[in-house]
């Protein structure tokens with residue numbers, strides 16, 4: 001697969017080897033790595049990698065959909081609630097989610113994520129949306145038991161290899177929708193126009209704190225319908241299939257497995 005500038009998209013095959021995915025259809029490559037061989041595979045023979053560069057900052061926003069704020073018993077924030085994930089937190093669109101042995105409250109949080117496409121620092125809100133390359137699907141899978149050990153969320157949000165991230169970046173639109181399903185049941189549905197803080201707000205706010213670079217990701221928050229907010233609470237169990245659909249773009253399909261992979 002080649003971008004317009006001739007770079008290749010590196011993908012992982014079922015046997016773990018790296019190769020080049022052919023027949024590029026646009027919207028997938030921001031920064032890629034030259035393939036170690038000249039081998040070209042069709043899409044059916046390869047597993048796309050998450051669209052995250054190795055040095056990316058991954059900023060996440062909590063409590064940004066009003067229905068989710070209400071189900072968690074919170075008040076609408078006056079400023080975006082930010083926390084971070086790491087590249088090691090991320091897995092691909094079809095990778096298994098291995099639930100750690102010490103986690104018994106694993107929850108789903110389907111999200112629309114912004115991909116930064118420019119170097120941005122202290123960007124005014126009026127022009128901030130121009131720094132967004134596009135959007136992709138992400139699921140902020142969370143260990144609630146870890147999250148609520150303290151008032152800091154990082155330990156429940158940034159666990160290794162729990163966050164599925166899409167491989168396709170689509171243009172930013174005001175009506176793009178996210179849907180989460182567990183074993184085929186719709187548990188979440190929301191639209192980007194329901195955000196308390198929209199894309200321009202988030203880029204402007206984040207860039208006032210840190211320098212944003214091409215390939216950085218801002219996960220915009222999750223709609224209502226998380227398992228921990230249900231009565232009684234529901235959590236992900238081994239064997240279940242978690243699907244995160246960015247409407248008209250891509251569906252992440254991630255099977256929950258035990259710590260040993262079963």
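A protection proxy built from the mean count of other Cβ atoms within 10 Å ranks the segments 67-76, 103-112, most packed first, as 103-112, 67-76. Across every pair of non-identical alpha carbons in segment 58-257, the mean reciprocal distance, once inverted, gives a Kirkwood radius of 16.6 Å.
A straight line joining the Cα centroids of segment 113-185 and segment 81-110 runs 12 Å. Between residue 255 and residue 210, residue separation times 0.36 nm minus the direct Cα-Cα distance comes to 12.7 nm.
Sort segment 76-153 into rounded, prolate or oblate with this rule: let a ≥ b ≥ c be the square roots of the eigenvalues of the Cα gyration tensor; rounded if a/c is under 1.5, and if a/c is not under 1.5, prolate when a/b is larger than b/c, oblate otherwise. Oblate, since a/c reaches 1.5 and b/c is not below a/b. Put a dot 7 Å past the Cα of residue 150, heading toward its Cβ, do the same for residue 183, and the two dots end up 3.6 nm apart. Hey, if you drop one equal point scatterer on each alpha-carbon of segment 208-262 and run the Debye formula without solvent, what base-10 log of I(q)/I(0) do you get at q = 0.23, 0.29 Å⁻¹? Debye output, listed in q order: -1.06, -1.18. Note on segment 157-213: Cα Rg divided by 2.2 N^0.38 Å, N the number of residues, gives 1.41.
Rule-based calculations on the coordinates, nothing more; no lab input. On a predicted model such as this, the values are computed, not experimentally measured, just so you know. Heads up, the Cβs are rebuilt from the backbone with ideal geometry, glycines too, and the neighbour counts pull from every protein chain shown.
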